[in-house]
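See below for the structure under consideration.
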Amino acid sequence: MKVLRFDDAGYSDFVSELDRQAMPGTDLYETVAAIVNEVKQRGNQAVFEYTSKFDKLDLTEETMFVSEAELAEAEAQVEDSVKEAVAASKRNVHSFAKLSMRQDWTSTNAEGAQVGERFVPYDRVGVYVPGGKAPLVSTALMTAAIGQAVGVKDILAATPAGPDGKVNPSLLYALKESGATQIIKVGGAQAIAAMALGTQTVKPVEKIFGPGNSFVVEAKRQLVGAVSIDLLPGPSEVLVIADDSANPAFVAADLLAQAEHGGDSVVGFATPSESLLEKVKVELEKQLAQLSRADYIRQVLDAGTFVLITKDLEEAVNICNVFAPEHLSLIVENEDAWLDKVKTAGAIYVGNYAAVAVGDFLAGPSHTLPTGGSGKSFSGIRADQFQRRTSIVRMDKASVQKSEKYVAEFARVEGLDAHGASVSIRANS
Ligand code: NAD
């Protein structure tokens, strides 16, 4: 683990580099642009070639879709305890989504016109569920189930299958329970391009949701315009900010859980307390010894973890606001006061007992959150992103008469006579 103290040489340079901009490198940009272009030009043929190349799976126009028989087989295979966990998560995701959906409203403006907003669900959306390293069963709930709660009728899911053409049964079950109406066994940038642009057999969607690796995220970025997107949710990150009130065993457990996401994930720990750090190090070793993937996790911790001994908590929170971590675990005394100072974090877990993993799987808010610094401008998936918003203006003659003089001024300074006339003709009718 890389440990830097606030008075070490190199500390300020390291902290400045935490101010990230979520922009792709040239290689990534070009790789993805080529995939998107091929799918645009050649549709399924290109999708099948990339699936064969990257996922070692040969698909056809029939086998690219998960069949009803496969869904039934998956449902029969999934254990009841998994079904219960999916139901528990869906219950929380749905009630959180219902609370955060936007409601229609109307009001009256200063000239007496009725103004308002109307929200309707999108008709057809796409969700991407990663499948490269692990079958992210919970991601089905954290994307599709939110659209389902909002009332989206048509949800196309894309997830890569293994070389045997199979998708994990628990993931298939969770997708179906979360309202997916069609599932394609395609991953990576080619899946995003197929959903956004359509192919001979895939009807295009209106908006794409969901996390993925750097190819997936970059494809979403490049396809804005053809579709809208939720956000840029890439490789997972956590920043733990803690003081002596933190339980070192809990901090260590969260750092290990984060490292389990793999080599492209980011694990950060900022504390003004050197004694806490020493206790966390001891706990890390103790807990690592009990984990089945200890060697793998140790490699991630060695390569991708940074620990900062900050001057004080204020500095740790300032670093968080610049870094914009996907997850922030905040375990400090006087937590509400410090919480108020955090401006940029995808999701904040407050206190010793708020395990990030509960948010990953169950709590209710989507675990699909902005990474790579994109949290400075994006938020995590929300229910209202599945709603199309339209503004409404309704006027009577009195309100058009009251509006006329102001409209006439704008029309005059902008040189748009016909605009002015379209109001006067009504006001003077
Ligand atoms: P993935 O499904 O995103 O990517 C696998 C696909 O990448 C493959 O199907 C393949 O087609 C494509 N691919 C692989 N190598 C390629 C190459 N060299 N060139 C072009 N395409 C290639 O699965 P993953 O790789 O396991 O990544 C999932 C990511 O999602 C992880 O980094 C995880 O941390 C992240 N995630 C983020 C959030 C969030 O909210 N931010 C939530 C869940 C998961």
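Mind telling me which of the residues Ala161, Ala194, Ala189 ends up being more than 28 Å from Ala76 (Cα to Cα), more than 17 Å from the chain's Cα centre (by Cα), modelled with pLDDT of 95 or more and within 12 Å of the ligand (Cβ to nearest atom)?
Numbers: Ala161 fails: more than 28 Å from Ala76 (Cα to Cα); Ala189 fails: more than 17 Å from the chain's Cα centre (by Cα).
Just a single option satisfies the conditions, and that option is Ala194.
Between Leu301, Leu313, Leu277, Leu308, which is in the same structural domain as Lys341 (by TED's automatic domain parsing), within 24 Å of Gly212 (Cβ to Cβ), in contact with a strand residue (DSSP E or B) (Cβ under 9 Å, 6 or more places away or on another chain) and not acidic (Asp, Glu)?
Step by step, each of Leu301, Leu313, Leu277, Leu308 is checked, and only Leu301 is in the same structural domain as Lys341 (by TED's automatic domain parsing), within 24 Å of Gly212 (Cβ to Cβ), in contact with a strand residue (DSSP E or B) (Cβ under 9 Å, 6 or more places away or on another chain) and not acidic (Asp, Glu).
Kindly indicate which of Ser52, Ser138 is touching a helix residue (DSSP H, G or I) at 6+ places or on another chain (Cβ under 9 Å), within 14 Å of the ligand (Cβ to nearest atom) and small (Gly, Ala, Ser).
Details: Ser52 fails: touching a helix residue (DSSP H, G or I) at 6+ places or on another chain (Cβ under 9 Å).
After ruling out the rest, the residue left standing is Ser138.
Looking at Ile184 and the list (1) more than 20 Å from Gly364 (Cβ to Cβ); (2) within 11 Å of the ligand (Cβ to nearest atom), which single condition is not satisfied?
The one condition Ile184 does not meet is (2).
For region 236-253, does any single residue satisfy the condition of being surrounded by fewer than 20 Cβ atoms within 10 Å (Cβ to Cβ), within 16 Å of the ligand (Cβ to nearest atom) and at pLDDT below 95?
no
Exactly one of (1) surrounded by fewer than 17 Cβ atoms within 10 Å (Cβ to Cβ); (2) at pLDDT 95 or above is unmet by Ser292. Its number?
(2)
So that you can scan it fast, the table gives a plain yes or no per residue for (1) on the phi > 0 side of the Ramachandran plot; (2) more than 16 Å from the ligand (Cβ to nearest atom); (3) more than 20 Å from the chain's Cα centre (by Cα):
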{"site": "His94", "(1), (2), (3)": "no, yes, no"}
{"site": "Thr106", "(1), (2), (3)": "no, yes, yes"}
{"site": "Tyr122", "(1), (2), (3)": "no, yes, no"}
{"site": "Gly131", "(1), (2), (3)": "no, no, no"}
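For the subset of region 270-289 comprising residues that are free of Cβ contacts under 8 Å to residues at least 40 places away in the same chain and open to solvent by less than 20 Å² (accessible area, probe 1.4 Å), which member is farthest from the ligand (Cβ to nearest atom)?
Step by step, filter region 270-289, then rank; the result is Ser273.
Being among the aromatic types (Phe, Trp, Tyr) and in a loop (DSSP other than H, G, I, E, B) is the filter here; which residues of region 342-376 pass it?
We begin by selecting, within region 342-376, every residue among the aromatic types (Phe, Trp, Tyr); these are 349, 353, 361.
Passing the criteria: only Tyr353.
Please verify whether region 219-235 includes one or more residues that are among the hydrophobic types (A, V, I, L, M, F, W, C), closer than 27 Å to Ser81 by Cβ and either buried (at least 24 other Cβ atoms within 10 Å of the Cβ) or modelled with pLDDT of 95 or more (or both). Break it down into steps so the answer makes sense when it comes.
Of the residues in region 219-235, the ones among the hydrophobic types (A, V, I, L, M, F, W, C) are 219, 223-224, 226-227, 229, 231-232.
Now restrict to residues that are closer than 27 Å to Ser81 by Cβ: none.
No, region 219-235 contains no residue that is among the hydrophobic types (A, V, I, L, M, F, W, C), closer than 27 Å to Ser81 by Cβ and either buried (at least 24 other Cβ atoms within 10 Å of the Cβ) or modelled with pLDDT of 95 or more (or both).
Using the structure shown, decide if Ser374 is farther than 26 Å from Val120 by Cα, within 14 Å of the ligand (Cβ to nearest atom) and buried (at least 19 other Cβ atoms within 10 Å of the Cβ). If you could, list the steps in order and put the result at the bottom.
On the way: farther than 26 Å from Val120 by Cα: yes; within 14 Å of the ligand (Cβ to nearest atom): yes; buried (at least 19 other Cβ atoms within 10 Å of the Cβ): yes.
So Ser374 fits the description; yes.
In region 193-205, is there at least one residue being in a helix (DSSP H, G or I), more than 21 Å from Met142 (Cα to Cα) and open to solvent by less than 10 Å² (accessible area, probe 1.4 Å)?
Yes, the conditions are met somewhere in region 193-205.
Going through region 28-43 one residue at a time, which ones are within 15 Å of the ligand (Cβ to nearest atom) and surrounded by fewer than 20 Cβ atoms within 10 Å (Cβ to Cβ)? Full working, then the answer.
Initially, region 28-43 is screened for residues within 15 Å of the ligand (Cβ to nearest atom), giving 28-39.
Result: Leu28, Tyr29, Glu30, Thr31, Ala33, Ala34, Asn37, Glu38.
Looking at Ser379, Ser429, which is the one that is over 45 Å from the mean Cα position of the chain (by Cα) and part of a loop (DSSP other than H, G, I, E, B)? Steps first, answer last, please.
Numbers: Ser379 fails: over 45 Å from the mean Cα position of the chain (by Cα).
Step by step, each of Ser379, Ser429 is checked, and only Ser429 is over 45 Å from the mean Cα position of the chain (by Cα) and part of a loop (DSSP other than H, G, I, E, B).
Can you say whether Glu84 is in a helix (DSSP H, G or I), open to solvent by less than 90 Å² (accessible area, probe 1.4 Å), more than 16 Å from the ligand (Cβ to nearest atom) and of a type in the set (D, E, K, R), as far as the supplied structure shows? Give the derivation first.
Details: in a helix (DSSP H, G or I): yes; open to solvent by less than 90 Å² (accessible area, probe 1.4 Å): no; more than 16 Å from the ligand (Cβ to nearest atom): yes; of a type in the set (D, E, K, R): yes.
It is false that Glu84 is in a helix (DSSP H, G or I), open to solvent by less than 90 Å² (accessible area, probe 1.4 Å), more than 16 Å from the ligand (Cβ to nearest atom) and of a type in the set (D, E, K, R).
What pairs come up if the first residue lies in region 235-250 and is without any contact (Cβ under 8 Å) to a residue 60 or more places away in the chain and part of a helix (DSSP H, G or I), the second is open to solvent by 20 Å² or more (accessible area, probe 1.4 Å) and more than 16 Å from the ligand (Cβ to nearest atom), and their beta carbons are under 7 Å apart, counting only those six or more places apart or on different chains?
Pro248/Lys279; Pro248/Glu283; Ala249/Glu283
The values are calculated or read from the model by the stated rules, or taken from the named source; none is laboratory data. Keep in mind that this is a model prediction, so the values were computed, not measured. We place every Cβ from the backbone using ideal geometry, glycine too, and count neighbours over all the protein chains shown. Accessible surface areas use protein heavy atoms only, side chains included; no ligands, DNA or RNA. Shrake-Rupley method; radii C 1.70, N 1.55, O 1.52, S 1.80 Å.
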